[in-house]
Amino acid sequence: MAGGLSKPRLQRMHQVMADHVEAGRAVGVITLIERRGETHLDIIGEADRERGTPLKRDTIFRLASMTKPITAVATMILVEEGKIRLDEPVDRYLPELANRRVLNDIDGPLDDTVPARRAITTRDLLTFRMGIGSSMPMPGAPPTPFQKAMAEAHLGGFKPPTPHTPDQWLKKLGELPLQYHPGERWQYHMGSDVQGVLIARASGMPLGEFMRTRIFEPLGMKDTGFHVPQEKLSRLGSCYAANARSGELDLYDDAKDSLYAMPPAFPMGGAWLVSTLDDYLAFARMMLNDGKLGKERILARPSVETMRTDQLTDEQKRISPAVPGFFDYQGWGFGVSVITKRGAPEMSPGRFGWDGAFGTCWTADPKEHMTTLLMMQRMGALGNPADGPRADFLTLAYQTIDD
């Protein structure tokens, strides 16, 4: 085969994914492998369990954190244009984040702070080292003062989503101290949401409009945006969450009355885009092709190479809060994870990409000339989507290589 993919092993992948759907670990799954110009697509199951709507190639999915790479690309477009600079403080466009103070004790009172050693930069936002990130209590532990303040400010989450406009959201974020000094540690998520506000202010247009005119329309991503228009709602799949006790799938967001049917007050640069398989595949092809798709160049090759370069120090990986073992074989670039050493067959050094909390997954592998996409709408138990079909997906994709 031209792409070096084994037909029997592709069938093995199909069977394992079909078994997951048959066992109720997912309602429907789309897998795609594209290698050296050859594309293999497999569609299994339904878009929703309640009405039995067939899963199709043009089904619309909630991307969750697969929004983050797109937001990082939008940020880098403005860097290339000289409207923002990587190592310039963000204060010029985001004065709410100027003159920061930092908690003396991450678990201590909010008024026990010291001045930040330096300002927050665009690079800090892209690498998740701005000094503040997602912060949830450990299971069974009471919330810290900071975690309580974050929850009371309604600064994040899917259900319910934050009620604030971008300006209101940033004002409330700016009223909180940082958890760590800028540049000190990697902390997940918040940097992407702040990038969204920065993009809107630096470009002079709403985040969704900037993404549409500078990324989606040039790449032909006609179904990607921050909500699903009424005329497309019939193509939105329902989203499910694994019950922590039974493991059964509970309905989380029904397509017929979805949270995504209306434009959000705050278009989260870290989590709120919706898209289709083919739309995201266009973005993935552009990223694997060093910023260009067909005649459209979105970013220069050096910009994409920078994005997919590990930006973290070994010490930052050691001290940064994350899932245990998260940084054993990978680092973080600009809006994407980057595999740094081979700890498993699918951990190809240089492979980059990211996942979404609702079960989507994208990788791009320059060495193998390979893109993979998993599209489904299923959160894992306790909000961890890394079980079931997604746990098997990349291993199954890389075992199909036959050269």
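The values are calculated or read from the model by the stated rules, or taken from the named source; none is laboratory data. Keep in mind it's a predicted model, so treat the numbers as computed, not measured. Note: ideal-geometry Cβ built from the backbone for every residue, glycine included; neighbour counts use all protein chains shown.
Data overview
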item	result
Condition check for residue 22: without any contact (Cβ under 8 Å) to a residue 60 or more places away in the chain, in contact with a helix residue (DSSP H, G or I) (Cβ under 8 Å, 6 or more places away or on another chain) and farther than 28 Å from residue 366 by Cα	no
Selection count, segment 211-235, where residues are among the acidic types (Asp, Glu) and touching a residue at least 40 places away in the same chain (Cβ under 8 Å)	1
Unique match (being farther than 30 Å from residue 251 by Cα, surrounded by 15 or more Cβ atoms within 10 Å (Cβ to Cβ) and within 14 Å of the chain's Cα centre (by Cα)) among 333, 353	333
Residue count for segment 224-261, restricted to those that are assigned to a loop (DSSP other than H, G, I, E, B) and touching an Asp or Glu at 6+ places or on another chain (Cβ under 8 Å)	5
Conditions (1) within 28 Å of residue 272 (Cβ to Cβ); (2) at pLDDT 95 or above; number of the one not met by residue 133	(2)
First in segment 87-106 and among the polar types (S, T, N, Q), second anywhere and in a strand (DSSP E or B), Cβ under 9 Å, 6 or more apart	99/115; 104/113; 104/114
Sole exception among (1) crowded, with 20+ Cβ neighbours inside 10 Å; (2) in the same structural domain as residue 104 (by TED's automatic domain parsing) for residue 211, by number	(2)
Sole residue being surrounded by 15 or more Cβ atoms within 10 Å (Cβ to Cβ) and under 30 Å from residue 131 (Cβ atoms), chosen from 264, 218	264
Where residue 290 falls short, out of the listed (1) buried (at least 21 other Cβ atoms within 10 Å of the Cβ); (2) more than 18 Å from residue 211 (Cβ to Cβ)	(1)
Out of 189, 227, sole residue that is surrounded by fewer than 21 Cβ atoms within 10 Å (Cβ to Cβ), in the same structural domain as residue 388 (by TED's automatic domain parsing) and in contact with a helix residue (DSSP H, G or I) (Cβ under 9 Å, 6 or more places away or on another chain)	227
Criterion (of a type outside the set (Lys, Arg), in contact (Cβ under 8 Å) with a residue 24 or more places away in the chain and surrounded by fewer than 22 Cβ atoms within 10 Å (Cβ to Cβ)) met by exactly one of 45, 28	45
Enumerated strands (runs of 3 or more DSSP E) restricted to segment 1-120, each holding at least 2 residues that are of a type in the set (A, V, I, L, M)	28-35, 38-45, 101-103
Residues satisfying the stated conditions in segment 336-383, i.e. aliphatic (A, V, I, L, M), modelled with pLDDT of 95 or more and not in a loop (DSSP other than H, G, I, E, B)	338, 339, 364, 370, 373, 374, 375
Residues satisfying the stated conditions in segment 72-88, i.e. over 16 Å from residue 209 (Cβ atoms) and either among the aliphatic types (A, V, I, L, M) or in contact with a strand residue (DSSP E or B) (Cβ under 9 Å, 6 or more places away or on another chain) (or both)	72, 76, 79, 84, 85, 86, 87, 88
Residue count for segment 151-164, restricted to those that are surrounded by 14 or more Cβ atoms within 10 Å (Cβ to Cβ) and not small (Gly, Ala, Ser)	6
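Residues checked against (1) assigned by TED's automatic domain parsing to the domain that holds residue 116; (2) over 23 Å from the mean Cα position of the chain (by Cα); (3) of a type in the set (D, E, K, R):
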residue	(1), (2), (3)
51	no, yes, yes
56	no, no, yes
78	no, no, no
88	yes, yes, yes
96	yes, yes, yes
